[in-house]
1. Taking the condition within 30 Å of residue B:120 (Cα to Cα) and modelled with pLDDT of 95 or more, does residue B:47 pass?
2. Residues of the stretch A:271-288 being more than 10 Å from chain B (Cβ to nearest Cβ) and crowded, with 20+ Cβ neighbours inside 10 Å, which ones?
3. Which helices (runs of 4 or more DSSP H) does the stretch B:244-323 wholly contain that include 2 or more residues that are touching a strand residue (DSSP E or B) at 6+ places or on another chain (Cβ under 9 Å) and within 30 Å of residue A:218 (Cβ to Cβ)?
4. Only one of A:142, A:69, A:91 is within 18 Å of residue A:13 (Cβ to Cβ), touching a residue at least 24 places away in the same chain (Cβ under 8 Å) and in contact with a helix residue (DSSP H, G or I) (Cβ under 8 Å, 6 or more places away or on another chain); which?
5. Quick test of your reading of the structure: residue B:167 fulfils all but one of (1) within 26 Å of residue B:261 (Cβ to Cβ); (2) assigned to a helix (DSSP H, G or I). Name the failing condition by number.
6. When you scan the stretch B:198-207, do you find a residue that is in a strand (DSSP E or B) and either more than 9 Å from chain A (Cβ to nearest Cβ) or touching a helix residue (DSSP H, G or I) at 6+ places or on another chain (Cβ under 8 Å) (or both), even just one?
7. Out of (1) under 30 Å from residue B:38 (Cβ atoms); (2) within 14 Å of another protein chain (Cβ to nearest Cβ); (3) over 18 Å from the mean Cα position of the chain (by Cα), what's the single condition that is false for residue B:159?
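The values are calculated or read from the model by the stated rules, or taken from the named source; none is laboratory data. As the structure is a computational prediction, the values presented were derived from the model and not from experiment. Cβ coordinates were reconstructed from backbone atoms using ideal geometry, including for glycine residues, and neighbour counts include every protein chain displayed.
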């Protein structure tokens, strides 16, 4: 995709233990265009967080090992950059919002200091201009009395406010892309709704893209333009969000959607996918989903499946799937 | 009247906050501040709320793991509020609990067989009878009897949760309190455990108090729902009624904040402002005053009662109740 802001190609990230090789990300490709919100969705251990961290080269190597692939951002392969050049990208052109704001914020520095630092690390700014920018950022993300909040320490804020501060830090240098790794998982649902609204709001009308990592299909449906479904380190389905939700093609996606409890399903037995997610060090041969798949045939155990194109950007990695 | 397995009336639990060198009581955390509900035989009451609302404290007080500061607990028609420890001992068989954390709630030094048999030791069974029951319980929760000699760390989260359920069932309870039993599990495993809980309820006529912050799960499993906020029930209704016609502003906000896996169903309602407050020394009047979009002077002055607004439907809001 030539107009992609970010293009991840055949990425492989492995973790080497003494006797084991965990293939956490096992050949994925995805693209993000300017202004889009793309979700990587999957259950624990599917490799979505490792993929996101690899884009910013935040995986410690060793024990991690980027075994293959490219991460092309604005035409440049980030995997080939020197660390000093990578530091100019992090926080500046690509910013990240993590899951747990309490552990991501430094407890001994004020909010003002931390947001300020996010700016001064990349730009030379006069102190009074810096202060104004910090106040404006806090206003933009909906924190009341921002002038007073600058002197607060992280522990004085609530979880929702801390996550807003994380978002402010991410926005500080007007990045082209924000990667958000489960930013609302640790928050209460009414606070989550505020943060999701905020993320929609900051993107509105702009060219900023968001890569949103989550396990929550409800969140995906709410904010994603396009979605990539991951399982055991590979992408099993991708497409426009309404298309994937209304017409899931891969048995795993179908199973996931059918297993969501809701009031409207009351009285019907929930579909449940038997078995459990495989250990990345001991993946099944062929299609990694075959041990749990009701449609599996003999070739599924030996041949790694290719993507099937269903048109309009909707792809699924299953040759057996029923239409 | 044995149709009601558990009746809770006016339950209160306050925790003192002690400050200073002399540990003087500086304030009270009113964790549970006047809770009343009833659970019928074979039915599920969903207790839903965000962090700090007191729902887990309610569970512990019902089981007399914490002593209530006020209120009445009636189990199968018998007043159990002031029973001595010895008198409670026999009743404890009848009220069991499944915890949230499948990793923390099983003793890592006991095999799962030993964990399940532990409750049976108080009963007059021979060793063979105990082991036979243990095997039957394992099969009932979908685990093989051959796994009895394994340790918890050898199992996945979902499997450990099944062990927790088997342990709860081992002593033939009538009431099981499920305290966020599926929150720590992946979506596909959640469905397995939810199905299991439903099947067991159908087969054994169990009553459940299902505590969760997840409205989708609560809506699926519960017959009736109580919405908690800062230690009080804000709305109490049959599940259908609450989801179709929520009347309390908090219930409405909570329901509209839950993202559903329905792309395009963007939240039209504004999310609730503010943050989930602390139960420490709340101001007089309605507990919800700080975040309620309809708050008035009267809301800040007087304690608000639960008003009946329909069949089996009660709402803690004078504006709703008096209209």
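1. Considered against the rule, which asks whether it is within 30 Å of residue B:120 (Cα to Cα) and modelled with pLDDT of 95 or more, residue B:47 comes out as yes.
2. Residues satisfying the conditions are A:280, A:287, A:288.
3. Answer list for the stretch B:244-323: B:249-257.
4. A:69
5. Evaluating residue B:167 over (1) within 26 Å of residue B:261 (Cβ to Cβ); (2) assigned to a helix (DSSP H, G or I) leaves (1) as the failure.
6. Yes.
7. With (1) under 30 Å from residue B:38 (Cβ atoms); (2) within 14 Å of another protein chain (Cβ to nearest Cβ); (3) over 18 Å from the mean Cα position of the chain (by Cα) applied to residue B:159, the lone miss is (1).
Residue by residue, here is whether (1) touching a helix residue (DSSP H, G or I) at 6+ places or on another chain (Cβ under 9 Å); (2) assigned to a loop (DSSP other than H, G, I, E, B); (3) free of Cβ contacts under 8 Å to residues at least 40 places away in the same chain holds:
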{"site": "A:10", "(1), (2), (3)": "no, no, no"}
{"site": "A:15", "(1), (2), (3)": "yes, no, no"}
{"site": "A:22", "(1), (2), (3)": "no, no, no"}
{"site": "A:26", "(1), (2), (3)": "no, no, no"}
{"site": "A:43", "(1), (2), (3)": "yes, yes, no"}
{"site": "A:51", "(1), (2), (3)": "no, no, no"}
{"site": "A:59", "(1), (2), (3)": "yes, yes, no"}
{"site": "A:65", "(1), (2), (3)": "no, no, no"}
